Structure formats: structure tokens, C-alpha cells
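Just so it is clear, none of the values below were taken in a lab; they were calculated from the coordinates. Given the structure is predicted, the values throughout are model-derived calculations rather than measurements. No Cβ is skipped: glycine too gets one built from the backbone with ideal geometry, and neighbour counts run over all protein chains shown.
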Amino acid sequence: MSNIQGIEADLDCRVELPKELGDAEAFVSRVLSAAGEKMKISGEISVSFVDDEEIHELNRTYRNVDRPTDVLSFSLVEGDEIFPSLEGELEPLGDIVVSIPTAIRQARDYGHSFERELAFLLVHGFLHLIGYDHQDEASEREMFGLQEEILNGLGLSRN
């Protein structure tokens, strides 16, 4: 577990990561810290880096979608107000699962770094955990605007 300004992140890495990422735990902490600060949210988040087969199975099981995807979020607070459960304890916000092979492909396809793509997916997953969605044009504009603000603040703007 690593403590990040109101967010505690636990990383479970089940796949090999590109060397360019460096310290994966520090990267996850930095990204989720920035997201938590921007949104003024505290809590615990579990992050898993998996392969396409594992995220495909999760997508099929929990969303009834029979294909792999890039990121899944499993919120523990949907519809609830987010605040610490007990004095000094952080509320569990949920789980973010990222397919590393898909992130690598998407970074290449979009012409930006793996770090930028991974940060995008982490922030996207974080925003879903706290109740943001992109089901219509207005909510998509809001969510994607917040993502870009957070990523730009991290120096990970689009190329």
C-alpha cells in the first residue's frame, strides 16, 4: 500500500510492464494522487494490471460484454456520498482493472507514450469509481474535460 494525499492505492501487477514505465507503484500513486486532489476525494483504490484474457473474462462476467476492453471500474460507493467511514480511516472506493496489452496497442495507435495512455486509463477508471460516466454527450464532455485537466497537470498532455 502506498499513501497518496488522501488516496491509498494497492497495485496488483499480473503482467510484464514496459521498461519505460519505471516504478509502477510510484506512477500509479502520482496519477491517482493528482486525480484525488483535483476531485477533492479521499479513499482506498485497488488497481490491477492484467492481460487481455483476464479483462475479457471480467468484462463478460460483470458487464455481459464478450470482448476485452482497456479499463474496468468496480465502484463500492455508487450512489453514495464519498467521505471517510471512521475517523482517520479511508473509505474503499473500489477497483480499477487495466489491460496492459491493450494500453500498449492504444498508445501506439494514438501516437503517444505508454505512460500517457496508462495515466488516461487510470484517471478514466477513477472518475467512473466516483460516479462519472459518458452515456450522453454532456456527461462525456464533462468527464473527458476533467481527464484532460488532470493529465495536463501531470505533464501528460496529448502529443
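By the combined test of axial Cα extent (at least 20 Å) and Kyte-Doolittle hydropathy (mean at least -0.5), the qualifying DSSP H helices of the chain come to 24-39, 114-129.
Give, as a single signed number, the net charge of other residues whose beta carbon lies under 13 Å from the beta carbon of L146, with Lys and Arg counted +1 and Asp and Glu -1.
-3
So what's the gap between the Cα centers of region 95-159 and region 1-57, to the nearest angstrom? The two parts, judged by their Cα centres, are 13 Å apart. Computed over the chain, the per-residue total of -39500 (n - 2.57) for DSSP H runs of n ≥ 4 gives a 222 nm mean residue ellipticity of -14500 deg cm²/dmol, rounded to 500.
Assuming R0 = 35 Å, what is the FRET efficiency of D51 and N152, from their Cβ-Cβ distance, to the nearest 0.05? List each step's numbers first, then the result.
Numbers: r = 30 Å, r/R0 = 0.85.
It comes to 0.70.
For L76, the residues 5 or more places off, or on other chains, whose built amide H falls under 5 Å of its own are G94, D95.
Assuming R0 = 41 Å, can you tell me the calculated FRET efficiency for the pair R14 and D136, based on Cβ-Cβ distance, to the nearest 0.05? Working shown, then result.
Details: r = 34 Å, r/R0 = 0.83.
It comes to 0.75.
Across region 9-159, C-alpha contacts under 8 Å between residues 6 or more apart give a mean separation that, scaled by the residue count, equals a relative contact order of 25 percent.
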